Amino acid sequence: MQATARAQPNIALIKYWGKRDRTLNLPAVGSISITLAELFTEMNVQFDSGLNDDVLTVNGEIDRQMLPRISRCLSAVAGEGRDTALVDSHCNFPVAAGLASSASAFAALVVAASAAAGQQRSTAELASLAGQASGSAARSLYGGFAELENDGDSVAVETLLDAGDWPLSIVIAVTSSGPKPLSSGEAMEISRKTSPFYGRWIDDQMHDLDVARLAIRERDFDKLAAIAEHNCLKMHSVMWASRPPIVYWNAATLDCLQTVRELRGQGVGVFFTVDAGPQVKAICMAHDVSRVCDALQSTNGVRRVIVSGLGVGAQLTDCA
Ligand code: PMV
C-alpha cells in the first residue's frame, strides 16, 4: 500500500517553548497557531517489505540525518512490527530554517503512513502521533487558527476559527536560507535548565492564551497583534538569557521588526512573530499585503518574501 499526503507549516502566535515530558514529547505550555496555505510538504509513504531498511528522500536526495526521526514516527503509526518503508518528501520552501518544515513534514507523514498502513485514524489521533515527533506538528493537522491544549498525557488540538472566518495574510521575510545552528528541541532543554526567565514564561502562558483566544474569536486584530508580539519577544528573551545564549536572529531580523513597527506607525494593520530561526513573519489584513511585501522586500538583508493565506490543514491526496 502507498499513500500521499500534503500538509502546511503553521506559525505560532502564542508559542510553545519547553517540554513537560521529553519521552512523550509533551509541551510544557499550550500554544495557538495559524496554518499556512501556500507552503507545503508532500509525503509519499510506501510500505515495502523488499527493502532492508527505511529509505528517505527529500526533494530527490537521500536524507540520512532526518531518517531516524522518520523511522520512529512510522513505527509509532504502523507498529514496531511494520514493513520497511520508502518515504519520498517534497517541500516547496527552505527546510530547517525556522519555517516550521518539521511541522508540515510530520503532519504529512502521519497522514500518509496511516493511510498506507490501511488504518482509519481520527484527526485527533493523528495529531497526537505527529506531536510525539515534533510538538508543533500536531497543529498542522488543523487549518485556520488552532489551539494546542496542554493537559493530560497527550496533546489535544482545537480549531478556534476556520481559515475563511478571518482570512488574514502572512508575509514571510526570508533573511537566511541556511539550516539553523541548534534544533528547537535542544534549545528548549537549554532554556529549561538555565534560563532565569523560564519559570516566569511557563507561569504567564495561560494568560497570553486567554487573551489571544478571545482576540481571535472577536477578530480583534490590535489585541491579537499586541499579545502575539509580546509572547514572541518573551520567548526569545527566555532564549537570550539561557547559558549558553540562544540567538536565532541576525541583523536583518531586527531590521524587519523595525519595518513592521514603522508600517504600523503609518496605520497599516500588521504585526510580527519570529520562531526558532531568523525569518520574520508579518501577519496582516489581506488588503495590506502589497504594502507589507514592498516594505519588507526593501529592508536590508531580506533575500525574498513569501506570501501566504491561511490553509486548511493536512490532507490525504492519494492512496492506492
Ligand atoms: O515543534 P518544534 O520542536 O519544532 O518546536 C517549535 C518551536 C517554535 O516554533 C519556536 C514555537 C512554536 O510553537 O511553533
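Among MET235, MET188, MET206, the largest mean-square fluctuation in a Gaussian network model of the chain, built with springs joining Cα atoms closer than 10 Å, belongs to MET206. Net charge dipole, segment 162-206: roughly 300 debye, given to the nearest 20, about the Cα centre with Cβ charges of +1 for Lys and Arg and -1 for Asp and Glu. With all protein chains kept in place, the per residue accessible area of segment 138-178 amounts to 31 square angstrom at a probe of 1.4 angstrom.
Note on segment 1-86: with neighbouring protein chains present and a 1.4 Å probe, carbon and sulfur make up 45 percent of its accessible heavy-atom surface. Farthest toward the dipole's positive end in the chain, which of MET235, LEU209, ALA225, given Cβ charges of +1 (Lys, Arg) and -1 (Asp, Glu) about the Cα centre? Working it through, the farthest residue towards the positive pole turns out to be MET235.
Surface exposure of segment 223-282, expressed per residue as accessible area with a 1.4 Å probe, stands at 35 Å². In terms of accessible area, using a 1.4 Å probe and ignoring ligands and nucleic acids, THR23, THR299 rank largest first as THR23, THR299. Taking the protein heavy atoms of segment 196-238 in the context of the full set of protein chains, the accessible area attributed to carbon and sulfur is 58 percent at 1.4 Å.
The values are calculated or read from the model by the stated rules, or taken from the named source; none is laboratory data. Bear in mind that the values here come from a model prediction, so they are computed numbers and not experimental data. So basically every Cβ, Gly included, is an ideal-geometry build from the backbone, and we count neighbours across all protein chains shown. Each accessible area value is taken on the protein alone, full model and side chains, heavy atoms only, with ligands, DNA and RNA left out. Shrake-Rupley method; radii C 1.70, N 1.55, O 1.52, S 1.80 Å.
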